[in-house]
1. Would you work out the charge dipole size for chain A about its Cα centre, treating the Cβ of every Lys and Arg as +1 and the Cβ of every Asp and Glu as -1, and quote it to the nearest 20 debye?
2. Taking amide hydrogens as modeled 1.01 Å from N in the peptide plane, which residues meet the under 5 Å criterion relative to residue A:255, leaving out close sequence neighbours?
3. Using only Cα atoms, what Kirkwood radius does segment B:126-280 have, in angstroms?
4. Just by accessible area at a 1.4 angstrom probe, what is the order of A:179, B:48 from largest to smallest?
5. I'd like the GluC sites (Glu not before Pro) in segment B:41-121 restricted to DSSP loop residues with at most 10 other Cβ atoms within 10 Å, sorted by number.
6. Where only protein heavy atoms count, and the probe is 1.4 Å, what is the accessible area per residue for chain A in Å²?
7. Tell me the label-point distance for the pair residue A:12, residue A:269, using the 7 Å Cα-to-Cβ offset, in nm and rounded to one decimal.
8. Binning every alpha carbon pair distance of segment A:173-234 at 5 Å from zero, what are the percents per bin?
Amino acid sequence: MKFKFWGVRGSIPTPGAQTNKYGGNTTCIEIRTANDDLIIFDAGTGIHQLMQTLLPQMPIDAHILITHTHWDHIHGLPFCMPIYIPGNKLTIYGGQDLKTGEGIERALKVQMQHSFFPIAESELKAEVSYKTVKVGEKFFIADATITPVLLNHPVINFGYRIDCDGKSLFFTGDYEQQVNIYTPEDREYLEFEQMIEAYVDSLVSIIRDVDVLIIDSSFTDQEYQHKKNWGHGTYTAAIKLAEKVGAKKLFFTHHEPTRSDAALDAIYEELLKNNQELVCELFVAQEGLEVKL
Amino acid sequence: MTDAEAKFITYVERMPAFPKSVHKVIQLAANVDSSAKDMVAVIESDPVMTIKILKVINSAFYSLPQKITSIQRALVHIGMNTIKNLALSVAAIGVLNPHNKAEFDTGLFLEHSLAVAVLSKKLAERMGVPLMYSSDYFVAGLLHDFGKIVFAEFMPHEFKLALQQSKEHQIDLHLAELEIMGINHAQAGRMLALKWELAENLANAIDLHHSVAQGDLLVNCVFAANQIAKKCHIGSAGNPIIDALPAELISLFGMSLDELIISLGDMSLIKAEVQQFMQA
Ligand SMILES: [Zn+2]
Ligand SMILES: [Zn+2]
């Protein structure tokens, strides 16, 4: 199994001189199994470039796993050229909307409404199908086993674990560990604390010993003090989770949109300096970076 | 599913929540500075809000290894934003009319439900239930009589008759309901809980809160809490009959109902806690 980052930015694309190194496209990760089956995490703007490179290999058979339907994770979908070309096969996976019960087809239908996009979803030429992801229900894509995990974010968000060819990888999508909504004086404080612990324990048991963790690490600890409940994690929380899980490699991603390459380099250097004893290897996700497992 | 059950389900879909929580939810949602714990407090003090939110989550995530049994637990899994959103969609249905045609006092009903919630959580704590599961006992107590407000709202004439018969002949309300409507509030609640993929033990607690045939601790605590609330006159849900504790429960709690009430200490503290929830 190998994987490649095509978009590592959070919230909004940030092209420009300040972000040339790590890249300005929003979330998209390509995964290739040993058999060359194609699995894609999220369809941020990074998916456009990925799909362009696939044009010579058409017809393609892509499995796109959407973590959640915020723009930065679906915005590239209408710009995947292969969906307009007959013969291609695209299967899009994602959770259902809790209120309406709609499946992941809404990610395309909403974006392709007449006011917002010139082509309607019904006019797609490829064979596009949608699959609803269910909590705790594993599913299979070729030789890969996918385990979806519900993770805290302002909208339903699934992290996905992939097991394939004896290797494993987990991507959080967007994730903030729930903070205790009570203060120590409240009678519910301890009870809630225990619920959070139990939840983290169950998360850890699902992703234990993965080879690679790719985690939403939008904020530094200092920034986080003002960004609680925004739905994003910190570098520190990511490292803690990686340690608990016993992961071999950790990639920080979903870079904060105003974060320049220089700032990211400085943060990375600091993290390496402060975590020299860590068994897990630390990396910053970077557009174009490919990793073989 | 019988006709009565099918009808009941369509009623519940249209069931509005209590006026106070509807207003509070809208108010809190409009204020960016409002705290998550305030929103949780409002939702968990309203049986309609609570059951509808648990419904959406458990129906969608029916394959979760552990059912989501309380609003706090839901929050840990899906975050405040989604919970708030679900509460708003319940609020959008409208408010429960306090003057239903059954002449069933929904204020007293709410007080009774909250009293049973608070008391069954207290009993659970005394029985050594781990802290993180004690909110399940609160929820079970809160929801045990849920079926009654649905009857009051959508089958007012039949329910009024059941209330009258129960009072006049001093028979259990659930027996009168069964005779008049072909379904009682406990059966209706159980059916709903199962259809909505709520936790099995919650469904049991609702179903068996009038019989302690083979109850687990949750059932037993709700049963005892219900009798205590009635005996101490905290709110009212229309049933004049107070059951004694059966032998199994006397040995479980190590005392009779009256002794249990005394051992709970100052009842005015429990009443104050109930009032806090009423005001939440
Ligand atoms: Zn994002
Ligand atoms: Zn997001």
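The values are calculated or read from the model by the stated rules, or taken from the named source; none is laboratory data. As the structure is a computational prediction, the values presented were derived from the model and not from experiment. Cβ coordinates were reconstructed from backbone atoms using ideal geometry, including for glycine residues, and neighbour counts include every protein chain displayed. For accessibility, only protein heavy atoms count, side chains too; no ligands or nucleic acids. Shrake-Rupley method; radii C 1.70, N 1.55, O 1.52, S 1.80 Å.
1. Computed charge dipole of chain A: roughly 620 debye.
2. Distant-sequence amide H within range of residue A:255: A:9, A:10.
3. When all Cα pairs of segment B:126-280 are included, the Kirkwood radius is 16.4 Å.
4. The ranking, largest first, comes out as A:179, B:48.
5. Listed in order of number, the matching sites amount to none.
6. 43
7. For residue A:12 paired with residue A:269, the spin-label model returns 2.9 nm.
8. Histogram of Cα-Cα distances, whole percents per bin: 4, 16, 18, 22, 22, 13, 4, 1, 0.
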